[in-house]
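**Q** What follows is a single structure, and I will ask about it in a moment.
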Amino acid sequence: MAIAENRWPAGVSAKRRAILAAAERVFLEVGFGLASMESIARAAGVAKQTIYAHFGTKAALFGATMLERTDWLMEPLPAAPEVSDPPAETLAAFATRFLEIILHPESLARLRLVMAEQARFPELAEVFYRSGPGRAASGLADYLSRLDRARVLRVPAPELAAGQFLGMVRGDLFLKHLLGLGPKPTPAELKASVQTAVRNFLVAHTRA
(Lines give C-alpha, C1' and ligand atoms only; values in the text may rest on other atoms or scores of the structure.)
Protein backbone atom coordinates (compact mmCIF):
# COMPACT_ATOMS: atom_id res chain seq x y z
CA MET A 1 0.00 0.00 0.00
CA ALA A 2 1.44 3.34 -1.01
CA ILE A 3 1.56 6.30 1.31
CA ALA A 4 -0.18 9.23 -0.29
CA GLU A 5 1.92 12.02 1.21
CA ASN A 6 4.94 12.46 3.42
CA ARG A 7 3.99 15.31 5.74
CA TRP A 8 4.59 15.61 9.44
CA PRO A 9 3.60 18.30 11.95
CA ALA A 10 5.94 21.22 12.50
CA GLY A 11 8.47 20.72 15.28
CA VAL A 12 9.18 17.05 14.60
CA SER A 13 12.95 16.52 14.39
CA ALA A 14 14.54 15.13 11.22
CA LYS A 15 15.59 11.91 12.97
CA ARG A 16 12.14 11.37 14.46
CA ARG A 17 10.54 12.03 11.05
CA ALA A 18 12.87 9.49 9.45
CA ILE A 19 11.98 6.84 12.03
CA LEU A 20 8.25 7.51 11.83
CA ALA A 21 8.22 7.56 8.03
CA ALA A 22 10.19 4.31 7.86
CA ALA A 23 7.96 2.68 10.47
CA GLU A 24 4.84 3.68 8.58
CA ARG A 25 6.20 2.24 5.34
CA VAL A 26 7.14 -1.05 7.00
CA PHE A 27 3.84 -1.34 8.91
CA LEU A 28 1.80 -0.76 5.76
CA GLU A 29 3.94 -3.09 3.64
CA VAL A 30 4.15 -6.14 5.93
CA GLY A 31 1.68 -5.47 8.74
CA PHE A 32 2.26 -4.78 12.42
CA GLY A 33 2.86 -8.39 13.38
CA LEU A 34 5.62 -9.03 10.81
CA ALA A 35 7.26 -5.63 11.17
CA SER A 36 10.48 -5.77 13.18
CA MET A 37 12.41 -3.01 14.87
CA GLU A 38 15.46 -4.18 12.91
CA SER A 39 13.76 -3.68 9.54
CA ILE A 40 12.42 -0.29 10.61
CA ALA A 41 15.89 0.77 11.77
CA ARG A 42 17.39 -0.26 8.43
CA ALA A 43 14.71 1.63 6.52
CA ALA A 44 15.27 4.73 8.66
CA GLY A 45 19.06 4.53 8.50
CA VAL A 46 19.44 4.55 12.29
CA ALA A 47 20.51 2.09 14.96
CA LYS A 48 17.84 -0.10 16.52
CA GLN A 49 18.81 1.28 19.93
CA THR A 50 17.94 4.76 18.67
CA ILE A 51 14.37 3.67 17.98
CA TYR A 52 14.05 2.09 21.41
CA ALA A 53 15.43 5.27 22.98
CA HIS A 54 12.80 7.38 21.20
CA PHE A 55 9.77 5.10 21.49
CA GLY A 56 10.44 2.17 23.82
CA THR A 57 8.29 -0.50 22.14
CA LYS A 58 6.94 -1.38 18.71
CA ALA A 59 3.40 -0.69 19.90
CA ALA A 60 4.44 2.76 21.11
CA LEU A 61 6.11 3.41 17.75
CA PHE A 62 2.94 2.40 15.92
CA GLY A 63 0.93 4.70 18.18
CA ALA A 64 3.30 7.57 17.44
CA THR A 65 2.89 7.13 13.69
CA MET A 66 -0.88 7.23 14.18
CA LEU A 67 -0.93 10.28 16.44
CA GLU A 68 1.60 12.45 14.65
CA ARG A 69 0.39 11.72 11.14
CA THR A 70 -3.20 12.24 12.19
CA ASP A 71 -2.31 15.71 13.47
CA TRP A 72 -1.76 17.12 9.99
CA LEU A 73 -4.77 15.32 8.54
CA MET A 74 -7.02 16.84 11.19
CA GLU A 75 -5.48 20.32 11.31
CA PRO A 76 -8.28 22.05 9.37
CA LEU A 77 -11.04 20.68 11.62
CA PRO A 78 -12.28 23.64 13.68
CA ALA A 79 -11.28 23.01 17.29
CA ALA A 80 -13.90 25.25 18.88
CA PRO A 81 -16.41 26.71 16.40
CA GLU A 82 -18.50 29.61 17.65
CA VAL A 83 -22.08 28.87 18.68
CA SER A 84 -23.06 32.24 17.21
CA ASP A 85 -22.23 30.99 13.70
CA PRO A 86 -25.07 29.33 11.75
CA PRO A 87 -25.04 25.64 12.79
CA ALA A 88 -25.87 24.51 9.25
CA GLU A 89 -22.70 26.13 7.91
CA THR A 90 -20.49 24.88 10.74
CA LEU A 91 -21.81 21.33 10.52
CA ALA A 92 -21.45 21.28 6.74
CA ALA A 93 -17.85 22.50 6.95
CA PHE A 94 -17.04 19.93 9.65
CA ALA A 95 -18.70 17.11 7.70
CA THR A 96 -16.95 18.02 4.47
CA ARG A 97 -13.53 18.00 6.12
CA PHE A 98 -14.37 14.77 7.96
CA LEU A 99 -15.15 13.05 4.66
CA GLU A 100 -11.92 14.34 3.15
CA ILE A 101 -10.01 12.84 6.09
CA ILE A 102 -11.62 9.40 6.13
CA LEU A 103 -11.45 9.04 2.33
CA HIS A 104 -7.80 10.09 2.19
CA PRO A 105 -5.71 7.17 0.84
CA GLU A 106 -3.50 7.24 3.92
CA SER A 107 -6.48 7.03 6.28
CA LEU A 108 -7.91 4.11 4.33
CA ALA A 109 -4.55 2.31 4.34
CA ARG A 110 -4.28 2.69 8.10
CA LEU A 111 -7.81 1.50 8.71
CA ARG A 112 -7.26 -1.59 6.56
CA LEU A 113 -4.05 -2.31 8.45
CA VAL A 114 -5.78 -2.03 11.83
CA MET A 115 -8.67 -4.22 10.69
CA ALA A 116 -6.25 -6.88 9.44
CA GLU A 117 -4.26 -6.91 12.70
CA GLN A 118 -7.03 -6.25 15.24
CA ALA A 119 -7.64 -9.86 16.24
CA ARG A 120 -3.99 -10.39 17.23
CA PHE A 121 -3.26 -6.86 18.42
CA PRO A 122 -6.50 -5.33 19.75
CA GLU A 123 -4.61 -2.38 21.24
CA LEU A 124 -3.99 -1.08 17.71
CA ALA A 125 -7.70 -0.46 17.19
CA GLU A 126 -7.86 1.63 20.35
CA VAL A 127 -4.85 3.70 19.26
CA PHE A 128 -6.35 4.23 15.82
CA TYR A 129 -9.75 5.25 17.17
CA ARG A 130 -8.35 7.64 19.78
CA SER A 131 -6.01 9.32 17.31
CA GLY A 132 -8.56 9.89 14.55
CA PRO A 133 -12.29 9.08 14.66
CA GLY A 134 -12.48 9.53 18.41
CA ARG A 135 -10.91 12.98 18.23
CA ALA A 136 -13.36 14.09 15.56
CA ALA A 137 -16.35 12.75 17.49
CA SER A 138 -15.17 14.33 20.75
CA GLY A 139 -14.67 17.74 19.14
CA LEU A 140 -18.08 17.59 17.51
CA ALA A 141 -19.75 16.48 20.75
CA ASP A 142 -18.22 19.45 22.57
CA TYR A 143 -19.59 21.82 19.92
CA LEU A 144 -23.06 20.23 20.11
CA SER A 145 -23.01 20.47 23.89
CA ARG A 146 -22.30 24.19 23.66
CA LEU A 147 -25.12 24.61 21.15
CA ASP A 148 -27.46 22.90 23.60
CA ARG A 149 -26.36 25.08 26.53
CA ALA A 150 -26.80 28.20 24.39
CA ARG A 151 -30.28 26.92 23.44
CA VAL A 152 -29.43 27.13 19.73
CA LEU A 153 -30.26 23.45 19.20
CA ARG A 154 -31.71 20.76 21.44
CA VAL A 155 -28.95 18.17 21.95
CA PRO A 156 -29.42 16.48 25.34
CA ALA A 157 -26.98 13.65 24.49
CA PRO A 158 -24.15 15.30 22.52
CA GLU A 159 -21.86 12.24 22.36
CA LEU A 160 -24.66 10.11 20.93
CA ALA A 161 -25.72 12.87 18.55
CA ALA A 162 -22.14 13.35 17.32
CA GLY A 163 -21.82 9.66 16.52
CA GLN A 164 -25.15 9.63 14.72
CA PHE A 165 -24.25 12.70 12.67
CA LEU A 166 -20.87 11.31 11.59
CA GLY A 167 -22.57 8.02 10.74
CA MET A 168 -24.99 9.83 8.45
CA VAL A 169 -22.11 11.71 6.85
CA ARG A 170 -20.16 8.51 6.14
CA GLY A 171 -23.21 6.74 4.81
CA ASP A 172 -22.77 3.89 2.35
CA LEU A 173 -20.28 5.83 0.24
CA PHE A 174 -17.42 5.32 2.68
CA LEU A 175 -18.03 1.60 3.22
CA LYS A 176 -18.19 0.87 -0.50
CA HIS A 177 -14.95 2.77 -1.12
CA LEU A 178 -13.23 1.09 1.83
CA LEU A 179 -14.18 -2.33 0.48
CA GLY A 180 -13.02 -1.44 -3.02
CA LEU A 181 -16.51 -1.74 -4.46
CA GLY A 182 -16.29 1.47 -6.40
CA PRO A 183 -14.22 4.57 -7.11
CA LYS A 184 -13.84 7.43 -4.69
CA PRO A 185 -17.14 9.32 -4.41
CA THR A 186 -17.43 12.33 -6.67
CA PRO A 187 -17.58 15.87 -5.24
CA ALA A 188 -21.28 15.94 -6.11
CA GLU A 189 -21.91 12.72 -4.18
CA LEU A 190 -19.97 13.98 -1.18
CA LYS A 191 -21.84 17.29 -1.21
CA ALA A 192 -25.18 15.49 -1.37
CA SER A 193 -24.20 13.26 1.55
CA VAL A 194 -23.18 16.26 3.64
CA GLN A 195 -26.29 18.27 2.80
CA THR A 196 -28.61 15.37 3.60
CA ALA A 197 -26.87 14.64 6.91
CA VAL A 198 -26.97 18.29 7.99
CA ARG A 199 -30.61 18.72 6.99
CA ASN A 200 -31.76 15.58 8.80
CA PHE A 201 -29.69 16.42 11.89
CA LEU A 202 -31.12 19.92 12.17
CA VAL A 203 -34.67 18.65 11.73
CA ALA A 204 -34.11 16.23 14.62
CA HIS A 205 -32.47 18.76 16.94
CA THR A 206 -34.15 22.09 16.21
CA ARG A 207 -35.84 23.52 19.29
CA ALA A 208 -39.61 23.74 19.10
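**Q** Which of the residues spanning region 181-194 are in a helix (DSSP H, G or I) and in contact with a helix residue (DSSP H, G or I) (Cβ under 7 Å, 6 or more places away or on another chain)?
**A** Here is the first cut: in region 181-194, the residues in a helix (DSSP H, G or I) are 187-194.
E189, L190, S193, V194 - these are the residues of region 181-194 that are in a helix (DSSP H, G or I) and in contact with a helix residue (DSSP H, G or I) (Cβ under 7 Å, 6 or more places away or on another chain).
**Q** With in contact with a Lys or Arg (Cβ under 6 Å, 6 or more places away or on another chain) and either assigned to a loop (DSSP other than H, G, I, E, B) or at negative phi (or both) as the only criterion, which of R97, R130, R154, R112 stands out?
**A** The conditions single out R154.
**Q** Report whether or not E117 is at negative phi, surrounded by fewer than 16 Cβ atoms within 10 Å (Cβ to Cβ) and not small (G, A, S).
**A** Spelling it out, it is not the case that E117 is at negative phi, surrounded by fewer than 16 Cβ atoms within 10 Å (Cβ to Cβ) and not small (G, A, S).
**Q** Out of curiosity, is F32 within 24 Å of the chain's Cα centre (by Cα), among the aromatic types (F, W, Y) and either assigned by TED's automatic domain parsing to the domain that holds A109 or closer than 17 Å to A109 by Cβ (or both)?
**A** Details: within 24 Å of the chain's Cα centre (by Cα): yes; among the aromatic types (F, W, Y): yes; either assigned by TED's automatic domain parsing to the domain that holds A109 or closer than 17 Å to A109 by Cβ (or both): yes.
Considered against the rule, which asks whether it is within 24 Å of the chain's Cα centre (by Cα), among the aromatic types (F, W, Y) and either assigned by TED's automatic domain parsing to the domain that holds A109 or closer than 17 Å to A109 by Cβ (or both), F32 comes out as yes.
**Q** Which ones in region 32-90 are at pLDDT below 85, of a type in the set (D, E, K, R) and not in a loop (DSSP other than H, G, I, E, B)?
**A** Matches in region 32-90: E68, R69, D71.
The values are calculated or read from the model by the stated rules, or taken from the named source; none is laboratory data. Only a predicted model underlies this, so the values are computations on that prediction, with no experimental measurement involved. So basically every Cβ, Gly included, is an ideal-geometry build from the backbone, and we count neighbours across all protein chains shown.
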